[in-house]
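Read through the structure below, which is laid out as structure tokens, and then see the notes.
The values are calculated or read from the model by the stated rules, or taken from the named source; none is laboratory data. It should be emphasised that the depicted structure is a prediction, and the values quoted were computed from it without experimental measurement. Quick reminder, even Gly has a Cβ in these numbers, built from the backbone with ideal geometry, and neighbours come from all protein chains shown. In case anyone asks, the SASA skips ligands and DNA or RNA and just uses the protein heavy atoms, side chains included. Shrake-Rupley method; radii C 1.70, N 1.55, O 1.52, S 1.80 Å.
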Amino acid sequence: VQKGGSSGLAKSAAVKLSEMGERTKQLGTAMRDPHQQRRIILVIVCVALLLDNMLYMVIVPIIPDYLADLENKSNKDNLDVQIGVLFASKAILQLLVNPLTGTFIDRVGYDIPLLIGLTVMFVSTCIFAFGENYATLFVARSLQGLGSAFADTSGIAMIADKYTVEAERSTALGIALAFISFGSLVAPPFGGVLYEFAGKRVPFIVLACICLADGLMLLTVIKPFSNRTRENMPVGTPIYRLMIDPYIAVVAGALTVCNIPLAFLEPTIANWMETTMHSSQWEMGLTWLPAFFPHVLGVYITVKLAAQHPNLQWFYGAVGLVIIGASSCTVPACKTFGQLIAPLCGICFGIALVDTALLPTLAFLVDVRHVSVYGSVYAIADISYSVAYAMGPIVAGQIVHSMGFVQLNLGMGLVNVLYAPALLLLRNVCQMKPSYSERDNLLEEAPQGLYDTIKMEERRAKKKGYSSAGNCLSVDENGFDPFKAQRSLSEESSGPEYT
């Protein structure tokens, strides 16, 4: 009987091992399918973006109360300064590091920087969970900014790289933005509830575990250290050249301006609600949660409109700025919590329009005016966000103290409305033709001898619509100089010639 039982267990184990083998085989087959691979990558990136934004906002209900108990000998003004600096430290370090991470991502690809970002975020979150003094919390918060500079930029750039069709790219980036919104808006109630019933450590331990799982999934599925195709990829345009591109500069400015109301209201609106409408703690904790739904609605509407009328992306962004401006101006007029929900929903709806319309535009501008490598251009986008969120916790409180909450909102609304006409500069972007990208210079094998080189140039000439006779190329209408690219090609591909 024992022998029969052992035989049955062995058969059962063999069946389970066979099933695991089949699942592994199916996963391997899925990863060889480009469409399945893109979906898995999108999931990994969306989880990373969700984590980053939850880490940014989860401390909102935790840190003021925790620091008040920790620094019980400090006066209230000093405590407010400490809270503001701690809130801003993540965005400040992210702002300082992003120019370097963008260049690094362009050099090594997207997967390794994403893994670095998740690793740093995991370590910093663990430090934040167990830190018991202000200095430790400050270091952990700053490290979160370093991890975000790698994870955010490489993640968004990876999506832009994998989804090359504009409609698909807009949809994928829209999904990523929905996860960003969900992370930002759900984190305060998530952190507040767990902090209230389980203590400071539990919210951060939960987020650290999710971060670890996402990193392991990245290692298992994408295998960043085994897929070394970077040597065959083009060299990206330096970030300083992208920064002085007028079209990219306009987009970056819009991304900063549209996020200023959210960044400036987050650290100031709770005190204003308590003073003017005597709101309860749960109302202050749930202030932004209803705005998640109009944000997702804004993403959905913009993706649908962009698929039907891609030439109007600039217009959707301009409408979003006007909605943000009008909503910001109406915030001080609210007298109850129910009234306040409407303008906050308007702000988040407008931000969704701007982000969803302009983030794909950045990738398109790189495609048609520079080289199709996206690390640096999305580092610029991350810099734009970081400028707003670095100033918010520090500058907003000073403005409210010196000028008042009403003036703060009117100023933010006016800035958004006045910036909207600047997006008219983008109205002809969709008519640009692809430039002579270095991506077109790449072959699996270099041309052998003069004959193959000439044939390759003739094929390119027919494809791009310019003459290669005499190796004479002019700067194209988008401002890209292909002469240097062709000259470097000739130097690299020169080999045994006919004599």
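Quick one: compute the contact order of segment 27-224, relative version, from alpha carbon pairs under 8 angstrom and 6+ residues apart, as a percent. Show your work: numbers first, answer last.
Numbers: 236 pairs, mean separation 75.8, N = 198.
Averaging sequence separation for qualifying contacts and normalising by length gives 38 percent for segment 27-224.
So how long is each side of segment 236-436 along the principal axes, counting just the alpha-carbon atoms, biggest first, in Å?
Its Cα atoms span 61, 34, 26 Å along the three principal axes.
Grab the Cα-Cα distance for Asp65 and Val43, subtract it from 0.36 nm times how many residues apart they are, and report the gain in nm with one decimal.
4.5 nm
Could you give the length gained by full extension between Leu219 and Leu418, i.e. 0.36 nm per residue of separation minus their alpha carbon distance, to one decimal place?
In short, 67.0 nm is gained.
For segment 27-224, what % of the accessible area comes from carbon and sulfur atoms, probe 1.4 Å?
Looking at segment 27-224 in its full context, I get 69 percent from C and S.
I want the local charge near Ala160. Using Cβ-Cβ distances under 12 Å, sum +1 for each Lys or Arg and -1 for each Asp or Glu among the other residues.
Values: positive: Arg38, Lys162, Arg169; negative: Asp161, Glu166, Glu168, Asp367.
Computed value for this residue: -1.
How much of the accessible area of segment 236-436, in percent, comes from carbon and sulfur atoms when a 1.4 Å probe is used?
70 percent
Order of 147-153, 299-305 by packing, highest average Cβ count within 10 Å first?
Numbers: 147-153: 29.4, 299-305: 19.7.
My ranking of the peptides, most packed first, is 147-153, 299-305.
Mind computing the radius of gyration and Dmax over the alpha-carbon atoms of segment 27-224? Å is fine for both.
That works out to 17.7, 62 Å for Rg and Dmax.
So for each of 239-246, 187-194 I average, over its residues, the number of other beta carbons within 10 Å; can you give me the resulting order with the highest mean first?
Result, highest mean Cβ count within 10 Å first: 187-194, 239-246.
Describe numerically, in nm with one decimal, the distance between label points set 7 Å from Cα along Cα→Cβ at Arg427 and at Ile399.
2.9 nm
Which value, in Å³ per residue, describes the convex hull spanned by the Cα atoms of segment 180-313?
Here the figure is 209 Å³ per residue.
Could you give the accessible area per residue of segment 236-436, probe 1.4 Å, as a whole number in Å²?
Averaged over the residues of segment 236-436, the accessible area is 39 Å².
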